Amino acid sequence: MATIDELKKDLLIEAVLMNKPLKLATTWGIFSPREIDSGTDLFLKYLEIKEDEIALDIGCGYGPLGLAIAANAPKGQVHMVDKDFVAVDYANKNAQNNNLSNAKAYLSNGLSAVPKEMMFTTVVSNIPAKVGKEMLSILLHDVHAHLEPGGQFVVVTINGLRQYMKRNFMEVFGNYDKVKQGKDYTISRCVKQ
């Protein structure tokens, strides 16, 4: 049994994400602190980005999605937002520890604190199962407003939310692509026309 002092120490995840080795510090109380969760893992195997991507990671946690994108978009920029200050602290610490100066995290409930003039070519999110339809509706409309024409919104959800995402992507973006469906998770994508 671990002592309280041992439990308070940072956990360290060493992972290869999108062919880039990353060392990620994490802690108890943040989503999936022991390992990269299987939804994120699946997501990163199918995400396509360019080296100059201007990306937003919504609900970034300690940063696995946003930092994998930053490592693969050296000429780009990645904004990572989370409503949890501990997650934001760890995402920023992980950006610094991996020398990813093109990534920064800040507190935001959805896109509430994202600068109004900021436009993205890719927006990603590992959407929690319990996000709620009101918050999801706000997210979809805010993402649409912040996406460049031709920009993509790519999410990973539990399979139970697949049809819900399809309906909402069709309603707000007018298109939907099921990129990949795994045993437990589905990757969905839409593009701003």
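Each value in this text was obtained by applying a stated rule to the coordinates, not by laboratory testing. This one's a predicted model, so the numbers in the text were calculated from it and none came from an experiment. All Cβ positions, even for glycine, are placed from backbone atoms using ideal geometry, and neighbour counts span all protein chains on display.
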Summed residue charge, Cβ within 13 Å of G160's Cβ, Lys/Arg positive, Asp/Glu negative:
+3
Per DSSP H run of at least 4 residues, take -39500 (n - 2.57); add these up for the chain, divide by its residues and hand me the 222 nm value, nearest 500 deg cm²/dmol.
-9500 deg cm²/dmol
What percent do you get for the relative contact order of the chain when only Cα pairs under 8 Å and 6+ apart count?
17
Cα centroid separation, the stretch 4-81 to the stretch 100-126 (Å)
14
If you take Rg and Dmax of the Cα atoms in Å from the coordinates, which of [x] 15.9, 54; [y] 17.1, 59; [z] 23.2, 74 do you get?
[x]
The stretch 28-138 shape via C-alpha gyration tensor axes, a/c threshold 1.5:
rounded
Once Lys and Arg are counted +1 and Asp and Glu -1 for all other residues with Cβ under 12 Å from that of A91, the total becomes -2
